[in-house]
Every structure is written in C-alpha cells, then in structure tokens.
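What follows draws every value from the coordinates through simple rules; no lab data is involved. Every value quoted in this text rests on a predicted model; they were computed, and no experiment measured them. Cβ coordinates were reconstructed from backbone atoms using ideal geometry, including for glycine residues, and neighbour counts include every protein chain displayed.
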Amino acid sequence: MKYRKLGDSGVDVSLIGLGTMTWGEQNTESEAHEQIDYALAQGVNLIDAAEMYPVPPRPETQGRTEEYIGTWLAKNAGKRGDIVLATKIAGPARQPHNPRHIRGAGNQFDRKNINEAIDSSLKRLQTDYVDLYQLHWPDRSTMTFGRGAYPYIDDEYTVPIEETLAALGDLVKAGKIRYVGVSNETPWGVAQFLRAAEKAGLPRIVSIQNPYSLVNRTYELGLSEFTHKEGIGLLAYSPLAFGWLSGKYEGGARPAGARITLFERFQRYSKPQAIAATTSYVELAKRHGLTPTQLALAFVNTRPFTTSTLIGATSMAQLQENVASVDIELSDEILAEIEALHERQPNPAP
C-alpha cells in the first residue's frame, strides 16, 4: 500500500480508502466485517462512512453502515488505532434526492444539529472519537450531485460558515473529532472555510471529498489549485462512476445485484454522452491489457492532488481488484490517450 498525508494534518492515509455506502443495503454485517478485515490486511487504513448511509437513504436503514463499523470495532477493540475513521453529517434537503428523514428537511449545520449528529454517530460507531468529521454537502444550494451549473438560488437561510466551524472547533476541543473536512464543496465554499478559520482561529479543513473519475474531472477546474496551495487533500469518491467505468454495464447489461440494476437513483452516469465516453475508456483499457477497473482507478491514483481514492465493493472479488489498483502503473502512451479522449468529450457526467 502507498500512503499520503491527509492535508496538513500530519496523518498518513492509504491511497486506497474503503468506502462503505453499500453496507446495510447491498452488503450484510458479516460481509462488511469481512471487507474491513481484508482491507486492513492489505494496508488500507482509511474507512469512510456517513450518518446517511447506506445508499439509497431510507428511514428504516439510516445509520446501519455506522452500526456495522461499530460492531466490528467492538469485536476488535485493540485495532481502533489502526484505522483512520471518517464519517459525515448530512446537510439540509435542498435538492429532491437529499434525505428528509434525518432530523427533518431543515437539518442545517448549526450547533444543535452538529452536536446531535456527532453524538449519534459515535454511539453507532461504538467509539469515543472520529478522526475526520465531514460536512456531507453544503448548507447552501450549489452545483452538486449532477447539476451542471451554479443554480442561482437565493436560499431563505443558510448557517454562516464561521458558526458551523466554531461548533466543529468545540468538538475538536472536546476530543470527539480530530480533524474537519468538507464534501461536495465548491471553490467558493473552500475559500470561505479557509477565511473563517484564519479570521477566528478555528480549525482549518484538511480534506475535501468530491467526485472524481475519468468521466468527471471537474475537480481540476478550480479545486485542484486549492489542494496544491492550501494543503487540502482530495478524497476522491465515485472513481468508477457508480460502477460504469468497470465495464459491467456495457451493451446495456444490467448484472443482478448491481446498483444501477437495483436503484433508479444513480442516473447521472447513464446519459448518452457519458455512456459513449465510458465505452471509449473501456476499449482503451482492453487495448492495453488492463481491465476497465484497473485503468479507471489507476488514473485517479496517479493524480497529484489525490490523497485517497475511495473504493466501494459489494463482493470480495471487486474489493480485491480495487485494492490491487494501487500497483498499476499507467504508461505515458496510455495517459496521452486518456487526455485525447477527455478533450473529445470533457466531463460528460459531472
């Protein structure tokens, strides 16, 4: 395994991080525990969860992912220090697919909600602290979750970022969290968090968890500069574009048990231009003797701004292939072909 610093925290995290959003929906508790055991044995130390998980979010399953991690920790009490445990607080329901069952649709990043959320997560996780606590999506309306442009929505009220950061800072002082991160954030939002931290002496964010893949490289357009200049690490999610870049949906295939087969929620990668681009990358991989998964993950791994590539798997075979991507080296020829495809169809699935 390879390791990179988590922003300017000084913490080393594995280049491959273990995503967990299928645990409790597509994966059982025993399967979740098996995945953790295997990942740790391969040197993975970052485990990423969220209070909203599993996905799709439903009231009857909400929090189950954290509960599965908690039962693993209870059985492996001496290994808490071996993992960098990350989780997230859900934000307000400003888009149709945002959950409305977690503390209500008006769940915002104020002190009351933040304190309630972390205490509930710690109880489910059966631990006294999390290493990284992330805001799952902004408190305001933004161009996230498939929106192609800034929506120009004047929200009735958003919690000031300085107020949110102050509440998180108190959790750091209390020992409930070690570091703060954001997710699905924009360049403007990152700038505001940095300014609030500097102005009020509050914790600096150390990470940003945003989508990044061969078919969604929008992170490069502005956020990558923050990563480089400000010591904020990217935790890249959806590096396989919800499985599309594995090639398993090619030709209209819908494998039993796969996310796209089971759920209508994951449609942003199924637009015609995204499918066409995906097919091009799948064919490129095969021409060079790689599996489509190896190509897609190795590309994200090679980016200088990637701190950890968050992989998710519903089977052990998938997990094994995903983790092994850390050893794949892409030639200059392959990288040049990737750039050519990207120029022909840039960011077909933002």
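Looking at segment 142-195 only, could you name the residues that are aliphatic (A, V, I, L, M), closer than 24 Å to residue 6 by Cβ and free of Cβ contacts under 8 Å to residues at least 24 places away in the same chain?
174 - this is the single residue of segment 142-195 that is aliphatic (A, V, I, L, M), closer than 24 Å to residue 6 by Cβ and free of Cβ contacts under 8 Å to residues at least 24 places away in the same chain.
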Checklist outcome for this item: Listed by first then second residue, the pairs whose first member lies in segment 9-29 and is polar (S, T, N, Q), whose partner is assigned to a strand (DSSP E or B), with beta carbons under 8 Å and at least 6 positions apart or on separate chains, are 9/178; 9/179; 9/206; 14/3; 14/46; 14/308; 20/47; 20/48
Checklist entry - Which of the residues belonging to segment 298-350 are closer than 23 Å to residue 231 by Cα, assigned to a helix (DSSP H, G or I) and in contact (Cβ under 8 Å) with a residue 60 or more places away in the chain? => result 299, 300, 301, 326
Checklist entry - surrounded by fewer than 21 Cβ atoms within 10 Å (Cβ to Cβ) and either touching a Pro at 6+ places or on another chain (Cβ under 7 Å) or basic (Lys, Arg) (or both), is that true of residue 78? => result no
Next on the checklist: Yes or no: segment 210-217 includes at least one residue that is surrounded by 14 or more Cβ atoms within 10 Å (Cβ to Cβ), without any contact (Cβ under 8 Å) to a residue 60 or more places away in the chain, under 30 Å from residue 172 (Cβ atoms) and in contact with a helix residue (DSSP H, G or I) (Cβ under 6 Å, 6 or more places away or on another chain).
Outcome noted: yes
Next on the checklist: I'm trying to understand the selection: among the residues of segment 268-284, which are surrounded by fewer than 21 Cβ atoms within 10 Å (Cβ to Cβ) and free of Cβ contacts under 8 Å to residues at least 40 places away in the same chain?
Outcome noted: 270, 272, 275, 279, 283
Checklist outcome for this item: Being of a type in the set (S, T, N, Q), surrounded by 13 or more Cβ atoms within 10 Å (Cβ to Cβ) and within 21 Å of residue 234 (Cβ to Cβ) narrows 318, 294 down to just 294
Item to check | Answer residue from segment 127-150, given it is surrounded by 13 or more Cβ atoms within 10 Å (Cβ to Cβ) and farther than 19 Å from residue 48 by Cα and is nearest to the chain's Cα centre (by Cα) among those | outcome: 144
Next on the checklist: All but one of (1) assigned to a helix (DSSP H, G or I); (2) in contact with a strand residue (DSSP E or B) (Cβ under 7 Å, 6 or more places away or on another chain); (3) over 28 Å from residue 114 (Cβ atoms); (4) not aromatic (Phe, Trp, Tyr) hold for residue 43; state the number of the condition that does not hold.
Outcome noted: (1)
Next on the checklist: Pairs needed: first member in segment 73-95, closer than 18 Å to residue 209 by Cα and in contact (Cβ under 8 Å) with a residue 12 or more places away in the chain; second member anywhere, in a strand (DSSP E or B) and of a type in the set (D, E, K, R); C-beta distance under 6 Å; at least 6 residues apart or different chains.
Outcome noted: 84/131; 85/131; 86/48
Checklist outcome for this item: Note on segment 1-40: residues in contact with a Lys or Arg (Cβ under 8 Å, 6 or more places away or on another chain) and assigned to a helix (DSSP H, G or I) are 33, 40
Checklist entry - For segment 41-55, does any single residue satisfy the condition of being among the polar types (S, T, N, Q) and either in contact with a Cys (Cβ under 9 Å, 6 or more places away or on another chain) or surrounded by 24 or more Cβ atoms within 10 Å (Cβ to Cβ) (or both)? => result no
